[in-house]
1. Can you give the helix-only mean residue ellipticity at 222 nm for the chain, where every DSSP H stretch with n ≥ 4 adds -39500 (n - 2.57) and the sum goes over all residues, rounded to the nearest 500 deg cm²/dmol?
2. At a 10 angstrom cut-off on C-beta neighbours, averaged per residue, how do the peptides 311-320, 114-123 rank from highest to lowest?
3. If packing is taken as the mean number of other Cβ atoms within 10 Å per residue, what is the order of 175-187, 242-254, 273-285, 207-219, highest first?
4. For the chain, give the share of DSSP beta bridges that are antiparallel, in percent and rounded to the nearest 5; count only bridges with both residues there.
5. Where both partners of a DSSP beta bridge lie in region 192-336, what percent of those bridges are antiparallel, to the nearest 5?
6. Which of Pro115, Asn132, Ser143 sits closest to the plus end of the dipole of region 104-144, meaning its Cα is farthest towards the positive end, when Lys and Arg get +1 and Asp and Glu get -1 on the C-beta?
7. Students often forget the sequence filter, so: which lysines lie under 25 Å Cα-Cα from Lys201 once same-chain residues fewer than 8 apart are removed?
8. Tell me the per residue accessible area of the chain using a 1.4 Å probe; a whole number in Å² is fine.
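The values are calculated or read from the model by the stated rules, or taken from the named source; none is laboratory data. Everything numeric in this text was worked out from a predicted model, so none of it was measured. In this analysis, Cβ positions are derived from the backbone assuming ideal geometry, glycine residues included, and neighbour counts consider all displayed protein chains. Side chains included, ligands, DNA and RNA excluded: accessible areas come from the protein's heavy atoms. Shrake-Rupley method; radii C 1.70, N 1.55, O 1.52, S 1.80 Å.
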Amino acid sequence: MDTAMRLLTTDSPSGYTEEVARVVEGIAHELGYCVSRNNKGNITIDVPGRESGKTVGLCAHVDTLGLMVRSITGDGQLMLTRIGGPILPTLDGEYCKIYTRDGRSYSGTVLSLSPAAHVFDDAATRARDEQNLAVRIDEVVRSREDVEALGIRAGDFVCFDPKTVVTDSGFLKSRFIDDKGSAACMLTLLKLLRDQGLRPKCDTKLIFSVHEEVGHGGATLPRDLSELLIVDMGCVGLDLSCTEYQVSICAKDGNGPYDYEMTSRLIELSRANGVDFAVDIYPHYGSDAGVAWHAGLDVRAALIGPGVHASHGMERTHWEGMKNTIQLAALYLECE
(Lines give C-alpha, C1' and ligand atoms only; values in the text may rest on other atoms or scores of the structure.)
Protein backbone atom coordinates (compact mmCIF):
# COMPACT_ATOMS: atom_id res chain seq x y z
CA MET A 1 0.00 0.00 0.00
CA ASP A 2 2.93 2.36 0.67
CA THR A 3 4.24 1.72 -2.84
CA ALA A 4 0.77 2.19 -4.32
CA MET A 5 0.51 5.52 -2.50
CA ARG A 6 3.85 6.68 -3.91
CA LEU A 7 2.81 5.81 -7.44
CA LEU A 8 -0.75 7.09 -7.23
CA THR A 9 0.24 10.48 -5.84
CA THR A 10 2.74 11.05 -8.66
CA ASP A 11 0.98 12.67 -11.65
CA SER A 12 1.64 10.67 -14.82
CA PRO A 13 -0.90 10.92 -17.63
CA SER A 14 0.27 9.32 -20.88
CA GLY A 15 2.92 11.58 -22.37
CA TYR A 16 3.94 13.08 -19.00
CA THR A 17 5.51 10.14 -17.17
CA GLU A 18 9.10 11.12 -16.39
CA GLU A 19 8.53 11.62 -12.67
CA VAL A 20 6.75 8.31 -12.10
CA ALA A 21 9.43 6.54 -14.16
CA ARG A 22 12.02 7.92 -11.75
CA VAL A 23 9.98 6.62 -8.80
CA VAL A 24 9.94 3.11 -10.30
CA GLU A 25 13.64 3.27 -11.13
CA GLY A 26 14.46 4.48 -7.63
CA ILE A 27 12.60 1.58 -6.00
CA ALA A 28 14.36 -0.93 -8.27
CA HIS A 29 17.78 0.57 -7.57
CA GLU A 30 17.09 0.51 -3.82
CA LEU A 31 16.42 -3.22 -4.13
CA GLY A 32 19.63 -3.78 -6.10
CA TYR A 33 18.21 -4.56 -9.55
CA CYS A 34 19.38 -3.35 -12.96
CA VAL A 35 17.03 -0.97 -14.75
CA SER A 36 16.86 0.30 -18.32
CA ARG A 37 14.52 2.36 -20.49
CA ASN A 38 13.78 2.15 -24.20
CA ASN A 39 13.45 5.17 -26.49
CA LYS A 40 9.72 5.54 -25.80
CA GLY A 41 10.20 5.43 -22.05
CA ASN A 42 9.15 1.91 -21.04
CA ILE A 43 11.06 0.78 -17.95
CA THR A 44 12.54 -2.73 -17.71
CA ILE A 45 13.89 -4.34 -14.54
CA ASP A 46 16.00 -7.44 -15.14
CA VAL A 47 15.64 -10.29 -12.65
CA PRO A 48 18.07 -13.19 -13.24
CA GLY A 49 16.51 -16.65 -13.13
CA ARG A 50 17.77 -19.94 -11.80
CA GLU A 51 17.88 -21.34 -15.34
CA SER A 52 18.88 -19.76 -18.64
CA GLY A 53 17.46 -20.23 -22.11
CA LYS A 54 13.99 -18.74 -21.64
CA THR A 55 12.92 -15.18 -20.81
CA VAL A 56 9.48 -14.25 -19.54
CA GLY A 57 8.00 -10.82 -18.97
CA LEU A 58 5.57 -9.30 -16.51
CA CYS A 59 4.11 -6.00 -17.69
CA ALA A 60 2.08 -3.33 -15.91
CA HIS A 61 1.63 0.29 -16.91
CA VAL A 62 2.26 3.44 -14.87
CA ASP A 63 0.72 5.99 -17.24
CA THR A 64 -2.77 7.16 -16.40
CA LEU A 65 -5.75 8.96 -17.81
CA GLY A 66 -5.57 12.73 -17.93
CA LEU A 67 -6.41 15.98 -19.67
CA MET A 68 -4.64 18.57 -21.79
CA VAL A 69 -5.35 22.23 -22.44
CA ARG A 70 -7.11 22.57 -25.80
CA SER A 71 -7.67 26.31 -25.77
CA ILE A 72 -8.10 29.33 -23.51
CA THR A 73 -11.40 31.18 -23.37
CA GLY A 74 -11.76 34.94 -23.51
CA ASP A 75 -12.55 35.09 -19.79
CA GLY A 76 -9.54 32.97 -18.81
CA GLN A 77 -10.83 29.41 -18.47
CA LEU A 78 -9.11 26.37 -19.96
CA MET A 79 -10.96 24.19 -22.43
CA LEU A 80 -9.86 20.57 -22.42
CA THR A 81 -9.15 17.47 -24.43
CA ARG A 82 -9.00 13.97 -22.96
CA ILE A 83 -5.92 11.78 -22.63
CA GLY A 84 -7.16 8.21 -22.66
CA GLY A 85 -10.72 7.50 -21.62
CA PRO A 86 -11.72 9.13 -18.32
CA ILE A 87 -15.44 9.13 -17.59
CA LEU A 88 -15.85 12.88 -18.03
CA PRO A 89 -19.00 13.42 -15.89
CA THR A 90 -17.04 12.14 -12.86
CA LEU A 91 -14.54 15.00 -13.29
CA ASP A 92 -17.02 17.79 -12.64
CA GLY A 93 -15.79 19.47 -9.45
CA GLU A 94 -12.40 17.75 -9.28
CA TYR A 95 -9.31 19.65 -8.21
CA CYS A 96 -6.45 19.60 -10.69
CA LYS A 97 -2.97 20.88 -11.48
CA ILE A 98 -1.82 22.52 -14.72
CA TYR A 99 1.80 21.88 -15.68
CA THR A 100 3.39 24.37 -18.08
CA ARG A 101 6.17 23.55 -20.55
CA ASP A 102 8.59 25.81 -18.67
CA GLY A 103 8.21 23.94 -15.36
CA ARG A 104 5.59 25.97 -13.55
CA SER A 105 2.41 24.51 -12.05
CA TYR A 106 -0.92 25.98 -11.02
CA SER A 107 -3.94 24.62 -9.20
CA GLY A 108 -7.50 24.71 -10.48
CA THR A 109 -10.87 22.98 -10.57
CA VAL A 110 -12.60 21.17 -13.42
CA LEU A 111 -16.14 22.55 -13.65
CA SER A 112 -19.17 22.55 -15.87
CA LEU A 113 -19.64 25.70 -17.93
CA SER A 114 -22.92 25.98 -16.03
CA PRO A 115 -21.42 25.53 -12.55
CA ALA A 116 -23.85 27.46 -10.31
CA ALA A 117 -27.37 26.36 -9.37
CA HIS A 118 -28.28 29.96 -8.47
CA VAL A 119 -27.28 31.24 -11.89
CA PHE A 120 -27.85 28.64 -14.60
CA ASP A 121 -31.14 26.91 -15.40
CA ASP A 122 -29.21 23.92 -16.82
CA ALA A 123 -26.70 23.56 -13.97
CA ALA A 124 -27.92 20.02 -13.23
CA THR A 125 -28.66 18.94 -16.80
CA ARG A 126 -25.92 20.40 -19.00
CA ALA A 127 -23.72 17.76 -20.63
CA ARG A 128 -20.41 16.99 -18.95
CA ASP A 129 -18.15 16.52 -21.97
CA GLU A 130 -15.18 18.17 -23.68
CA GLN A 131 -17.36 20.99 -25.01
CA ASN A 132 -18.94 21.75 -21.64
CA LEU A 133 -16.21 21.28 -19.02
CA ALA A 134 -13.40 23.76 -18.33
CA VAL A 135 -10.73 24.49 -15.72
CA ARG A 136 -11.16 27.44 -13.39
CA ILE A 137 -7.58 28.50 -12.52
CA ASP A 138 -6.73 29.57 -8.97
CA GLU A 139 -5.01 32.75 -10.16
CA VAL A 140 -6.28 36.28 -10.75
CA VAL A 141 -7.14 36.04 -14.44
CA ARG A 142 -9.83 37.86 -16.38
CA SER A 143 -8.76 37.24 -19.97
CA ARG A 144 -6.88 34.93 -22.31
CA GLU A 145 -3.93 37.28 -22.10
CA ASP A 146 -3.83 37.00 -18.29
CA VAL A 147 -3.64 33.20 -18.56
CA GLU A 148 -0.95 33.33 -21.22
CA ALA A 149 1.08 35.64 -18.97
CA LEU A 150 1.23 32.75 -16.50
CA GLY A 151 2.93 30.64 -19.15
CA ILE A 152 -0.11 28.43 -19.77
CA ARG A 153 -0.62 27.38 -23.38
CA ALA A 154 -2.51 24.83 -25.44
CA GLY A 155 -0.80 21.46 -25.02
CA ASP A 156 -0.10 21.82 -21.30
CA PHE A 157 -1.04 18.81 -19.17
CA VAL A 158 -3.90 18.95 -16.69
CA CYS A 159 -3.75 16.29 -13.95
CA PHE A 160 -6.77 15.73 -11.75
CA ASP A 161 -6.48 14.77 -8.09
CA PRO A 162 -6.44 10.96 -7.55
CA LYS A 163 -7.82 11.40 -3.98
CA THR A 164 -5.92 8.31 -2.80
CA VAL A 165 -7.05 6.77 0.49
CA VAL A 166 -6.25 3.47 2.23
CA THR A 167 -9.02 2.55 4.66
CA ASP A 168 -8.75 0.64 7.93
CA SER A 169 -10.88 -2.07 6.33
CA GLY A 170 -8.23 -2.74 3.68
CA PHE A 171 -9.59 -0.85 0.70
CA LEU A 172 -7.42 1.17 -1.63
CA LYS A 173 -9.63 3.79 -3.25
CA SER A 174 -8.24 6.21 -5.78
CA ARG A 175 -8.27 7.19 -9.36
CA PHE A 176 -5.69 5.35 -11.50
CA ILE A 177 -5.60 2.04 -9.62
CA ASP A 178 -5.69 1.01 -13.28
CA ASP A 179 -2.88 0.29 -13.36
CA LYS A 180 -0.78 1.66 -10.53
CA GLY A 181 -2.34 -0.89 -8.18
CA SER A 182 -0.88 -3.68 -10.29
CA ALA A 183 2.44 -1.84 -10.68
CA ALA A 184 2.61 -1.70 -6.87
CA CYS A 185 1.98 -5.46 -6.79
CA MET A 186 4.91 -6.05 -9.16
CA LEU A 187 7.27 -3.84 -7.18
CA THR A 188 6.18 -5.53 -3.94
CA LEU A 189 6.92 -8.92 -5.51
CA LEU A 190 10.36 -7.61 -6.42
CA LYS A 191 10.93 -6.64 -2.77
CA LEU A 192 9.76 -10.05 -1.56
CA LEU A 193 12.25 -11.75 -3.89
CA ARG A 194 15.06 -9.62 -2.52
CA ASP A 195 14.06 -9.92 1.14
CA GLN A 196 13.51 -13.68 1.04
CA GLY A 197 16.43 -14.52 -1.25
CA LEU A 198 14.16 -15.98 -3.94
CA ARG A 199 14.72 -16.19 -7.69
CA PRO A 200 12.32 -16.98 -10.51
CA LYS A 201 12.88 -20.11 -12.57
CA CYS A 202 13.50 -18.22 -15.82
CA ASP A 203 15.21 -14.94 -16.58
CA THR A 204 12.48 -12.37 -16.01
CA LYS A 205 11.87 -8.83 -17.17
CA LEU A 206 9.50 -6.64 -15.16
CA ILE A 207 8.25 -4.05 -17.63
CA PHE A 208 6.40 -0.82 -16.82
CA SER A 209 4.94 0.73 -19.95
CA VAL A 210 4.08 4.42 -20.22
CA HIS A 211 1.64 4.71 -23.14
CA GLU A 212 -0.94 1.99 -22.41
CA GLU A 213 -3.87 4.34 -21.89
CA VAL A 214 -3.43 5.81 -25.37
CA GLY A 215 -3.02 2.44 -27.07
CA HIS A 216 0.64 1.93 -27.94
CA GLY A 217 2.44 1.10 -24.70
CA GLY A 218 3.07 -2.51 -25.71
CA ALA A 219 4.28 -1.75 -29.23
CA THR A 220 7.96 -1.80 -28.23
CA LEU A 221 8.18 -4.60 -25.65
CA PRO A 222 11.41 -6.65 -25.61
CA ARG A 223 11.70 -9.01 -28.59
CA ASP A 224 13.32 -11.87 -26.65
CA LEU A 225 10.29 -12.80 -24.54
CA SER A 226 8.89 -16.32 -24.77
CA GLU A 227 5.89 -15.52 -22.57
CA LEU A 228 4.26 -12.31 -21.39
CA LEU A 229 2.07 -11.98 -18.31
CA ILE A 230 0.17 -8.71 -18.33
CA VAL A 231 -0.63 -7.49 -14.80
CA ASP A 232 -3.48 -5.04 -15.25
CA MET A 233 -6.77 -4.37 -13.50
CA GLY A 234 -9.50 -6.99 -13.26
CA CYS A 235 -13.03 -5.92 -14.14
CA VAL A 236 -15.92 -5.91 -11.64
CA GLY A 237 -19.60 -5.56 -12.53
CA LEU A 238 -22.43 -6.72 -14.82
CA ASP A 239 -22.28 -10.50 -15.25
CA LEU A 240 -18.58 -10.75 -14.30
CA SER A 241 -17.73 -12.99 -11.35
CA CYS A 242 -14.65 -11.16 -10.01
CA THR A 243 -14.74 -9.15 -6.80
CA GLU A 244 -12.30 -6.63 -5.34
CA TYR A 245 -10.94 -9.38 -3.07
CA GLN A 246 -9.79 -11.69 -5.86
CA VAL A 247 -7.23 -11.88 -8.62
CA SER A 248 -8.96 -11.90 -11.97
CA ILE A 249 -7.72 -14.12 -14.80
CA CYS A 250 -8.86 -12.77 -18.16
CA ALA A 251 -9.73 -15.43 -20.73
CA LYS A 252 -10.70 -12.94 -23.46
CA ASP A 253 -10.89 -9.18 -23.98
CA GLY A 254 -11.75 -6.93 -26.90
CA ASN A 255 -8.79 -8.24 -28.90
CA GLY A 256 -9.79 -11.88 -28.51
CA PRO A 257 -8.71 -14.80 -26.34
CA TYR A 258 -5.46 -14.96 -24.41
CA ASP A 259 -3.11 -17.92 -24.73
CA TYR A 260 -5.01 -21.08 -23.85
CA GLU A 261 -2.16 -22.97 -22.17
CA MET A 262 -0.94 -19.99 -20.13
CA THR A 263 -4.46 -19.14 -18.97
CA SER A 264 -5.14 -22.77 -18.03
CA ARG A 265 -1.84 -22.91 -16.15
CA LEU A 266 -2.74 -19.79 -14.13
CA ILE A 267 -6.13 -21.29 -13.25
CA GLU A 268 -4.55 -24.55 -12.10
CA LEU A 269 -1.85 -22.75 -10.09
CA SER A 270 -4.57 -20.75 -8.32
CA ARG A 271 -6.67 -23.83 -7.56
CA ALA A 272 -3.72 -25.91 -6.34
CA ASN A 273 -2.34 -23.18 -4.04
CA GLY A 274 -5.45 -21.67 -2.51
CA VAL A 275 -5.33 -18.38 -4.41
CA ASP A 276 -8.76 -16.71 -4.50
CA PHE A 277 -9.42 -16.09 -8.19
CA ALA A 278 -12.06 -15.59 -10.86
CA VAL A 279 -12.02 -16.16 -14.61
CA ASP A 280 -13.82 -13.54 -16.67
CA ILE A 281 -14.33 -11.98 -20.10
CA TYR A 282 -13.64 -8.24 -20.37
CA PRO A 283 -16.02 -6.84 -23.01
CA HIS A 284 -14.65 -3.27 -23.20
CA TYR A 285 -10.94 -3.79 -22.62
CA GLY A 286 -7.58 -3.99 -24.32
CA SER A 287 -4.09 -4.46 -22.91
CA ASP A 288 -0.44 -4.06 -23.84
CA ALA A 289 -0.51 -7.70 -25.00
CA GLY A 290 -2.95 -6.91 -27.80
CA VAL A 291 -0.82 -3.96 -28.85
CA ALA A 292 2.31 -6.14 -28.82
CA TRP A 293 0.59 -8.73 -31.00
CA HIS A 294 -0.55 -6.12 -33.51
CA ALA A 295 3.03 -4.79 -33.57
CA GLY A 296 4.22 -8.26 -34.58
CA LEU A 297 5.68 -9.54 -31.30
CA ASP A 298 5.85 -13.35 -31.40
CA VAL A 299 4.93 -14.04 -27.78
CA ARG A 300 2.33 -15.99 -25.85
CA ALA A 301 0.43 -13.87 -23.37
CA ALA A 302 -2.05 -14.00 -20.50
CA LEU A 303 -3.55 -11.38 -18.21
CA ILE A 304 -4.22 -11.17 -14.47
CA GLY A 305 -4.92 -8.38 -12.00
CA PRO A 306 -6.76 -7.42 -8.82
CA GLY A 307 -10.47 -6.79 -9.18
CA VAL A 308 -11.11 -3.05 -9.55
CA HIS A 309 -14.54 -1.47 -9.13
CA ALA A 310 -15.63 1.61 -11.13
CA SER A 311 -12.77 1.57 -13.63
CA HIS A 312 -11.82 4.91 -15.23
CA GLY A 313 -13.87 6.63 -12.54
CA MET A 314 -13.38 6.67 -8.76
CA GLU A 315 -11.82 3.23 -8.55
CA ARG A 316 -11.47 0.85 -5.60
CA THR A 317 -9.77 -2.45 -4.86
CA HIS A 318 -8.88 -4.35 -1.70
CA TRP A 319 -5.68 -5.58 -0.12
CA GLU A 320 -6.89 -9.19 -0.55
CA GLY A 321 -7.17 -8.73 -4.31
CA MET A 322 -3.68 -7.25 -4.46
CA LYS A 323 -2.27 -10.02 -2.25
CA ASN A 324 -3.83 -12.71 -4.44
CA THR A 325 -2.33 -11.03 -7.51
CA ILE A 326 1.15 -11.03 -5.95
CA GLN A 327 0.78 -14.69 -4.97
CA LEU A 328 -0.31 -15.78 -8.43
CA ALA A 329 2.49 -13.83 -10.12
CA ALA A 330 5.04 -15.50 -7.79
CA LEU A 331 3.58 -18.93 -8.56
CA TYR A 332 3.71 -18.23 -12.28
CA LEU A 333 7.41 -17.32 -11.99
CA GLU A 334 8.10 -20.48 -9.93
CA CYS A 335 10.04 -18.46 -7.38
CA GLU A 336 12.35 -20.41 -5.06
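1. Result for the chain, helices only: -7500 deg cm²/dmol.
2. 311-320, 114-123
3. Output ranking for 175-187, 242-254, 273-285, 207-219: 175-187, 207-219, 242-254, 273-285.
4. Here the share of antiparallel DSSP bridges comes out near 65 percent.
5. Working: 7 of 19 bridges.
Once the DSSP bridges in region 192-336 are tallied, antiparallel ones form about 35 percent.
6. Ranked along the dipole, the leading option is Ser143.
7. Lys54, Lys191, Lys323
8. 43 Å²
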